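Let me begin by presenting the structure, written as structure tokens, before commenting on it.
The values are calculated or read from the model by the stated rules, or taken from the named source; none is laboratory data. What you see is a predicted model, and the numbers here were worked out from it, not measured in a lab. Here the Cβ is made from the backbone with ideal geometry for all residues, glycine too, and neighbour counts use every protein chain on show. Ligands, DNA and RNA are excluded from the accessible area calculation, which covers all protein heavy atoms including side chains. Shrake-Rupley method; radii C 1.70, N 1.55, O 1.52, S 1.80 Å.
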Amino acid sequence: MTTSHYIAGRWVEGQGSDCIRVNDPALGQPFAELMAASIAQVDQAVTAARAALPAWKATSASERAAYLRGFAEQLDQRREALITLQMRNSGKPRHEAEIDLDDAIATFSYYAELAEQLPSKNREVPLAAAGFSARTRLEPVGVVGLIVPWNFPLVTSAWKLAPALAAGCTVVLKPSEITPLIEQAYGHIADSLGLPAGVLNIVNGKAETGAALSNHNGLDKLSFTGSNSVGSQVMRSASVQCRPVTLELGGKSAIVVFDDCDVDQAVEWIVAGITWNAGQMCSATSRLLVQDGIADALLPRLQAALENLRVGNPLTEEVAMGPLTSQAQWLKVAGYFATAREEGLQCLVGGRALDRDGWFVSPTLYAEVPKSSRLWSEEIFGPVLCARRFATEEQAIAEANDSRFGLVATVCSADLARAERVADALEVGHVWINSVQAVFVETSWGGTKGSGIGRELGPWGLSAYQSVKHVTRCLG
Ligand code: NAD
């Protein structure tokens, strides 16, 4: 049993009624447990964040930047422990756990720099009218609730925490109940840096804890990453008090492969887009659109690459893909395999759970999937790829855009003018051209349509935690 809630600068035991079991998904066995925070403890965390706000927002931008640099440095110092915990609790292969940690470190370093630039953004506004002066002030939004999922725990939290603290907000973070230990590192780092009590609070728990936070009337904003169904509940609770909300939701993204591609290179990009994190990525490119002229060469090689992918326990084997992170996710993906059989889909590889302990499934490829299939339109959140052929560029764009989601897409073509043209026509928040899904802190993250509201990362990620004020003075 671990002491797992960080409230007002102190570690406290949960007083809620839910016991949270923390599992090793490669074994399907728990290795730790903790009691969820009670609703009263959520309230204490929001109260602590409110009490800490006046002093924190009065700190200079360079003081806040120094704390953020401290987070980056201390994450790096805890490197091995954080990588091992992600492998054990999330089932991530070592190299992916390393990428996540480096992403979190880069995020804190980047927002430290942006914080230092803040004073120069508070400036005089040139006015056409005579007799007045005006200046801009970027102020922190206030007390912010941050609710995050389990698939990239270090990263999704860093994308919210770092810009919120940089802007001068105080926060209450609610990690996912599937991965409640990883983000505790942020509390331990806050402790060792001497971050003022209440600036960062962490409460763990399930839906009830998340709902207590998102319904709390002491928040000025809520930033949520997770499923569409919970996202819409969070938005409903934000609407009661008309407070702003950022939503990073699901996806059903396309990877478009034109027939001028190098086949082996395209296979590498396709495999990465559906098997990283065992496909449990909001940005998984789970709809493959392949042009007629290359399909017959590409599909057998893709099939072989997925068949040969090394799947296993990241803690004991050298693997390219680990298990699914939770039993619930494993059952959900198995449900889609059953649906595929009922729909009579053509399975080229996989389509089954692995016959071993833990929550493993095979990397899976269905070909010639009709648009009417549930597997073509619904987010599966597993290593399950559905393929369709297309003839023309216009057809590829239309099929890629024919989705209620609009998070990301990948375009693969040797004709760069065409790749750029297609990228411009796709209704999504981020497009990769001839690349794996490299994410840089300077660029934005977020979706169109059902994939969410707002953007994280880059200067947009900081703006999400700022309120713009103008002071206009009559000079007469
Ligand atoms: P989820 O919506 O089930 O849970 C997300 C968080 O919300 C968890 O902390 C959970 O405890 C909490 N929660 C649950 N019920 C709640 C309620 N009623 N009120 C408030 N909070 C509540 O999502 P998940 O299964 O953890 O994550 C998978 C989903 O997240 C996928 O749909 C994926 O696409 C999405 N996701 C999106 C992005 C993005 O950047 N767009 C990134 C990662 C994951």
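For the range 446-476, how many residues meet the condition of being at positive phi and of a type in the set (D, E, K, R)?
Total meeting the criteria: 1.
Consider the range 215-244. How many of its residues are closer than 26 Å to Tyr67 by Cβ and crowded, with 20+ Cβ neighbours inside 10 Å?
8
State whether one or more residues within the range 4-14 are aromatic (Phe, Trp, Tyr), under 30 Å from Asn277 (Cα atoms) and touching a residue at least 60 places away in the same chain (Cβ under 8 Å). Full working, then the answer.
Here is the first cut: in the range 4-14, the ones aromatic (Phe, Trp, Tyr) are 6, 11.
Then keep just the ones that are under 30 Å from Asn277 (Cα atoms); that gives 6.
Right, trim to touching a residue at least 60 places away in the same chain (Cβ under 8 Å) and you get 6.
Checked the range 4-14: at least one residue is aromatic (Phe, Trp, Tyr), under 30 Å from Asn277 (Cα atoms) and touching a residue at least 60 places away in the same chain (Cβ under 8 Å).
Residues in the range 181-199: is at least one open to solvent by less than 20 Å² (accessible area, probe 1.4 Å), in contact with a Leu (Cβ under 9 Å, 6 or more places away or on another chain) and within 9 Å of the ligand (Cβ to nearest atom)?
Within the range 181-199, not a single residue is open to solvent by less than 20 Å² (accessible area, probe 1.4 Å), in contact with a Leu (Cβ under 9 Å, 6 or more places away or on another chain) and within 9 Å of the ligand (Cβ to nearest atom).
Per-residue answers, yes or no, for (1) crowded, with 19+ Cβ neighbours inside 10 Å; (2) among the hydroxyl-bearing types (Ser, Thr, Tyr):
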{"position": "Ile7", "(1), (2)": "yes, no"}
{"position": "Arg10", "(1), (2)": "no, no"}
{"position": "Ile20", "(1), (2)": "yes, no"}
{"position": "Phe31", "(1), (2)": "no, no"}
{"position": "Ser38", "(1), (2)": "yes, yes"}
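Across the range 138-167, what is the total count of residues that are outside any helix (DSSP H, G or I), more than 9 Å from the ligand (Cβ to nearest atom), under 21 Å from Cys242 (Cβ atoms) and among the aliphatic types (A, V, I, L, M)?
Residues meeting the conditions: 4.
Kindly provide the set of residues from the range 136-167 that are among the small types (Gly, Ala, Ser) and buried (at least 24 other Cβ atoms within 10 Å of the Cβ), ordered by number.
The answer is Gly145, Ser157, Ala158, Ala162, Ala164, Ala166, Ala167.
Condition check: out of contact with any Lys or Arg (no Cβ under 9 Å at 6 or more places or on another chain) and either at pLDDT 95 or above or outside the structural domain of Ile182 (by TED's automatic domain parsing) (or both). Does Pro363 satisfy that?
Values: out of contact with any Lys or Arg (no Cβ under 9 Å at 6 or more places or on another chain): yes; either at pLDDT 95 or above or outside the structural domain of Ile182 (by TED's automatic domain parsing) (or both): yes.
Criteria met by Pro363.
Hey, which of the strands (runs of 3 or more DSSP E) in the range 235-337, taking only ones fully inside, have at least 2 residues that are within 15 Å of the ligand (Cβ to nearest atom)?
In the range 235-337, the matching strands (runs of 3 or more DSSP E) lie at 245-248.
Residues in the range 280-297: is at least one surrounded by fewer than 21 Cβ atoms within 10 Å (Cβ to Cβ) and at positive phi?
no
Name the single residue that is nearest to Ala211 (Cα to Cα) among those in the range 113-137 being under 36 Å from the mean Cα position of the chain (by Cα) and in a loop (DSSP other than H, G, I, E, B).
Of everything passing the filter in the range 113-137, Asn122 is nearest to Ala211 (Cα to Cα).
Mind telling me which of the residues Val46, Val22, Val12 ends up being in contact with an Asp or Glu (Cβ under 9 Å, 6 or more places away or on another chain) and not acidic (Asp, Glu)? Quick ask: steps written out before the conclusion?
Details: Val46 fails: in contact with an Asp or Glu (Cβ under 9 Å, 6 or more places away or on another chain); Val12 fails: in contact with an Asp or Glu (Cβ under 9 Å, 6 or more places away or on another chain).
Matching residue, one of Val46, Val22, Val12: Val22.
Are any residues in the range 351-398 more than 24 Å from the chain's Cα centre (by Cα), under 17 Å from Ile274 (Cβ atoms) and open to solvent by less than 30 Å² (accessible area, probe 1.4 Å), and if so, which ones?
Gly351, Leu365, Tyr366, Ala367, Val369, Ser373, Ala387
Which strands (runs of 3 or more DSSP E) sit wholly inside the range 352-459 and have at least 3 residues that are farther than 29 Å from Ala338 by Cα?
Per the criteria, 430-433.
Determine which member of the set Ala328, Ala305, Ala297, Ala272 is out of contact with any strand residue (DSSP E or B) (no Cβ under 7 Å at 6 or more places or on another chain) and either under 21 Å from Ala423 (Cβ atoms) or acidic (Asp, Glu) (or both).
On the way: Ala328 fails: either under 21 Å from Ala423 (Cβ atoms) or acidic (Asp, Glu) (or both); Ala305 fails: either under 21 Å from Ala423 (Cβ atoms) or acidic (Asp, Glu) (or both); Ala297 fails: either under 21 Å from Ala423 (Cβ atoms) or acidic (Asp, Glu) (or both).
The match here is Ala272.
Between residues in the range 196-218 that are outside the structural domain of Phe71 (by TED's automatic domain parsing) and residues that are open to solvent by 40 Å² or more (accessible area, probe 1.4 Å) and within 15 Å of the ligand (Cβ to nearest atom), which pairs lie under 6 Å by C-beta distance while being six or more apart or on different chains?
none
Whether any residue in the range 218-229 is more than 15 Å from the ligand (Cβ to nearest atom) and in a loop (DSSP other than H, G, I, E, B) is what I want to check. Lay out the reasoning, then the answer.
Let us first name the residues in the range 218-229 that are more than 15 Å from the ligand (Cβ to nearest atom), namely 218, 220.
Now restrict to residues that are in a loop (DSSP other than H, G, I, E, B): 218, 220.
Yes.
Got a sec? Which of Ala72, Ala51 is open to solvent by less than 70 Å² (accessible area, probe 1.4 Å) and part of a helix (DSSP H, G or I)?
The unique qualifying residue is Ala72.
Tell me yes or no: at least one residue of the range 418-440 is open to solvent by less than 30 Å² (accessible area, probe 1.4 Å), among the β-branched types (Val, Ile, Thr) and without any contact (Cβ under 8 Å) to a residue 40 or more places away in the chain.
There is no residue in the range 418-440 that is open to solvent by less than 30 Å² (accessible area, probe 1.4 Å), among the β-branched types (Val, Ile, Thr) and without any contact (Cβ under 8 Å) to a residue 40 or more places away in the chain.
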